[in-house]
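Peer 1: One structure, as structure tokens, below. Some questions next.
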Amino acid sequence: MSIRFLLALSLSGFACGGQPAAPDDTTTTRFVGRWIYQPGSAVVADCPNAPPQTIDLSKVPPDNQPAYFTFTATAVDRLHEVDARGCQYDWTVAGAVATAASGQSCATFPDGRGGNRVVHIASGTKTTTDGTSMSVDVHFTSDDGCAIHTLGQTTKQ
């Protein structure tokens, strides 16, 4: 009987011992890396007194190269993004979805005319279930009155 007790005690110690817990759905692991926009991805800007503008994110002028962003983990459920224009945003992860806090700003967002405009995130999600492809759906407002929507698919490089 004492051998069974010792065996049970040693097995329970092994089960609770030095192995780290497996990552759960709130971890950022699947998000971390560089993500490249695929054909069909776009930024659509709807500005006052102007027709809507669409920028193809898979072929961004002037070099027709795809736009991209990079996620790094800052905590078990937090990400920091830097995009190709240098814009930086923070995201919170729950399961397969990263959500941006509203109000984050960037002053180097393309204006579609070769310049920049200041934008502010209104809402945004980036979703990946497999860590290799991601859907993007982010809404911005701008200081010049535009409603801007970034949407599409990315793949991890």
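Every number in this text was worked out from the coordinates using simple rules, so none of it is lab data. Quick caveat, the model's predicted, so the values are computed rather than measured. Neighbour counts run over all protein chains shown; Cβ positions are idealised from the backbone, glycine included.
Peer 1: Which residue, chosen from Asn64, Ala94, Ala147, occupies the Cα position most advanced towards the positive end of the dipole of the range 24-156, where the dipole is computed from +1 (Lys, Arg) and -1 (Asp, Glu) charges on Cβ about the Cα centre?
Peer 2: Highest projection toward the positive end goes to Asn64.
Peer 1: Sticking with this one: Please report the base-10 log of the normalised intensity I(q)/I(0) for the range 24-156, using a Debye sum with one equal scatterer per alpha carbon and no solvent, at each q in 0.14, 0.18, 0.23 (1/Å).
Peer 2: For the range 24-156 at q = 0.14, 0.18, 0.23 Å⁻¹, log10 I(q)/I(0) is -0.58, -0.96, -1.51.
Peer 1: Using a 7 Å offset from Cα along Cα-Cβ at Thr74, what residues in the range 120-157 end up with backbone N under 18 Å from the label point?
Peer 2: 120-126
Peer 1: Lys and Arg at +1, Asp and Glu at -1: add these up for the other residues within a Cβ distance under 14 Å of Pro39 and post the number. It would help to have the intermediate numbers written out before the result.
Peer 2: Details: positive: Lys59; negative: Asp56.
With Lys, Arg at +1 and Asp, Glu at -1, the neighbours total 0.
Peer 1: Val82 versus Val32, label points 7 Å from Cα toward the beta carbon: distance in nm?
Peer 2: Between Val82 and Val32, the label points sit 1.6 nm apart.
Peer 1: Let me ask something additional. What's the FRET efficiency of Asp130 with Asp63 using the Cβ-Cβ distance as r and R₀ = 25 Å, to the nearest 0.05?
Peer 2: Details: r = 29 Å, r/R0 = 1.18.
The calculated FRET efficiency here is 0.25.
Peer 1: While we're on this one: Can you tell me the length gained on complete extension of the stretch Thr108 to Ala147, counting 0.36 nm per residue apart and subtracting the Cα distance? Intermediate values should be presented prior to the final figure.
Peer 2: Values: separation 39, 0.36 × 39 = 14.04 nm, distance 1.60 nm.
12.4 nm is the gain from fully extending Thr108 to Ala147.
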